[in-house]
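Some notes on the structure that comes next.
All of the numbers you see were taken from the coordinates with simple rules; none came from a lab. What you see is a predicted model, and the numbers here were worked out from it, not measured in a lab.
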Amino acid sequence: MSIVVHNFEQPDRFVAGTVGQPGQRTFFLQAREGTRITSVALEKQQVAILAERVDELLDEALRQTGGDPVIPAVAPAGVGDKEPLDQPIVEEFRVGTITLTWDSGSDRVIIEMFPVTDEEVVVSVDEGEEEQEETTLEVEVEASEVLIVKLDPGYARAFARRALSVVSAGRAPCPFCGGPLDPEGHLCPRANGFRRIAG
């Protein structure tokens, strides 16, 4: 079976964004290179975990290289993207599995996203060793499509920062139970079922 590959070697843009109102948002990752744009949908938790893992991967690569100046400890000033998603948004697929790799040969983060499938996914994690050149999360995936994005370390840090900002821009948490609070309120378990209103 042939696989459709959306490959972005030098993307002009790779961002997380949303469509819809807080509480009803659809999350997307969008890559653009020239006039070619690929958008994939995913869950809010996947965006948050991806951002955290990108930072962790870069932290580990920075540690293993002894502080390589190519890998910034934080997102560099002036690097980042605050623009909305490019329109029109055409969903290629809904993301099920994401793999991350640090490519020490090119000093780039490689993100691979595969669609949701009914197949069982086998995950194995390589614990980093001092002499190991690549930090990888290996996943055996049989998919019909894949989105591959390669990012320079500074841009990867900026992607993670924006992604976490997008995730946190949703509904405010209830001060009593911590659950998401809609503008019209919610049934709070800490209030014995009474409705709490956003203040």
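A few comments on the model shown:
- Full extension of the segment from S168 to V4, taken as 0.36 nm per residue of separation minus the current Cα-Cα distance, would add 55.8 nm.
- Distances between placed amide hydrogens fall under 5 Å for C174 paired with G179, L181, all partners being 5 or more residues away or on another chain.
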